[in-house]
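The values are calculated or read from the model by the stated rules, or taken from the named source; none is laboratory data. What you see is a predicted model, and the numbers here were worked out from it, not measured in a lab. Ideal geometry is used to build each Cβ from the backbone, glycine not excepted, and the neighbour counts take in all protein chains shown.
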Amino acid sequence: MKIRKAVIPAAGLGTRFLPVTKSIPKEMLPIVDKPTIQYIVEEIIASGIEDVLIITGRNKGSIEEHFDRAIELEDNLEKTQKQELLEEVRKISRMINIHTVRQKDPLGLGHAVYCAKSFVGNEPFAVLLGDDVVDSQKPCLKQMIEMFEQYNSTILGGQRVEWENVSKYGIVSGNKISDTVYSVKDLVEKPAKEKAPTNIAILGRYIITPKIFEILENTHKGVGGEIQLTDGLRELCNIEDVYAYTFEGRRYDVGSKIGFLEATVDFALKRDDLRDDFKAYLNKLNL
């Protein structure tokens with residue numbers, strides 16, 4: 001079955017970026033001159049998906065406004081003959097079919113995904129976490145979709161991490177099928193190095209079958225008093241085949257300050273209009 005819909009959970013409080021996220025959604029923090037969530041949406045578009053649901057929360061209205069038309073701004077840009085900027089602004093509102101739904105209570109990632117049940121219906125769907133931006137030649141989600149087409153089962157996106165860092169992630173336990181694919185038997189949340197079954201960490205990209213909604217509906221609150229998606233996926237492993245795919249590309253944890261700064265520097269250095277001046281500035285710092 002074709003993957004037609006994607007879900008972006010964006011209802012989190014962004015506590016790692018306080019105080020700025022007291023008034024600005026973390027998904028709207030800019031990497032150079034585009035909000036983080038736009039990079040995620042562009043990945044979805046480049047992967048051939050036409051409908052995306054953004055799960056929002058209180059004080060997240062600017063996300064919806066960003067993908068809507070800005071009539072007064074467009075009029076001003078047209079009057080001042082700033083045609084290039086005008087086309088850039090208009091392109092954002094035309095890029096994809098954006099739907100939103102509010103997660104009324106902060107009950108965790110699993111509950112946020114469950115909020116997409118009516119939107120998704122009875123078909124497999126993609127989930128992309130806004131904290132993870134992946135820079136890759138082939139869009140990360142497109143890689144995932146190709147794996148789904150091969151296995152016709154839930155696909156968890158991940159990468160190998162240093163063994164010293166396995167305690168920071170949900171780690172795959174299962175059988176190696178190829179250099180890039182594991183058959184998942186369990187997920188171990190933040191294990192100690194000596195207890196980690198692999199060093200394959202799940203990193204913010206999923207294609208999930210609709211069976212997950214029935215599971216999440218009956219999943220009890222876990223760590224932090226929240227309904228955890230990981231708990232739902234562990235149960236799914238007992239019912240259906242689940243695979244982990246180690247995708248290609250550089251992944252940035254833009255939910256952390258260091259990851260956000262790394263993404264900002266690297267994306268700026270990719271820009272023809274910024275590269276030379278920015279590189280010259282960095283060289284002056286003698287780092």
### Neighbours by Cβ (under 8 Å, 6+ apart or cross-chain): first from the stretch 145-157, touching a residue at least 60 places away in the same chain (Cβ under 8 Å); second surrounded by 16 or more Cβ atoms within 10 Å (Cβ to Cβ) and small (Gly, Ala, Ser)
Ile145/Ser47; Ile145/Ala126; Ile155/Ala244; Leu156/Ala244; Gly157/Gly204; Gly157/Ala244
### Those residues of the stretch 52-94 which are closer than 23 Å to Lys26 by Cβ and of a type in the set (Lys, Arg), in sequence order
Arg58, Lys60
### Query
Which strands (runs of 3 or more DSSP E) sit wholly inside the stretch 112-197 and have at least 1 residues that are more than 20 Å from the chain's Cα centre (by Cα)?
170-176, 181-189
### Query
Among the numbered criteria (1) surrounded by 13 or more Cβ atoms within 10 Å (Cβ to Cβ); (2) under 18 Å from Gly12 (Cβ atoms), which single criterion is violated by Gly224?
(1)
### Summary
Only one of (1) among the β-branched types (Val, Ile, Thr); (2) assigned to a helix (DSSP H, G or I); (3) more than 19 Å from Met144 (Cβ to Cβ) does not apply to Ile24, and that is (2)
### Query
Among Ile258, Ile239, which is over 29 Å from Thr21 (Cα atoms), exposed (fewer than 14 other Cβ atoms within 10 Å of the Cβ), out of contact with any strand residue (DSSP E or B) (no Cβ under 8 Å at 6 or more places or on another chain) and of a type in the set (A, V, I, L, M, F, W, C)?
Ile239
### Query
What are the residues in the stretch 131-154 that are within 14 Å of Leu229 (Cβ to Cβ) and crowded, with 22+ Cβ neighbours inside 10 Å, if any?
Asp131, Thr154
### Message
Quick check on the stretch 49-57. Is at least one of its residues farther than 16 Å from Tyr252 by Cβ, at pLDDT 90 or above, not in a strand (DSSP E or B) and not hydroxyl-bearing (Ser, Thr, Tyr)?
### Response
yes
### Residue list for the stretch 167-184, filter: touching an Asp or Glu at 6+ places or on another chain (Cβ under 9 Å) and closer than 15 Å to Pro197 by Cβ
Tyr169, Gly170, Ile171, Val172, Ser173, Gly174, Ser183, Val184
### Task
For Thr264, state whether it is modelled with pLDDT under 95 and either closer than 30 Å to Gly108 by Cβ or not in a loop (DSSP other than H, G, I, E, B) (or both).
no
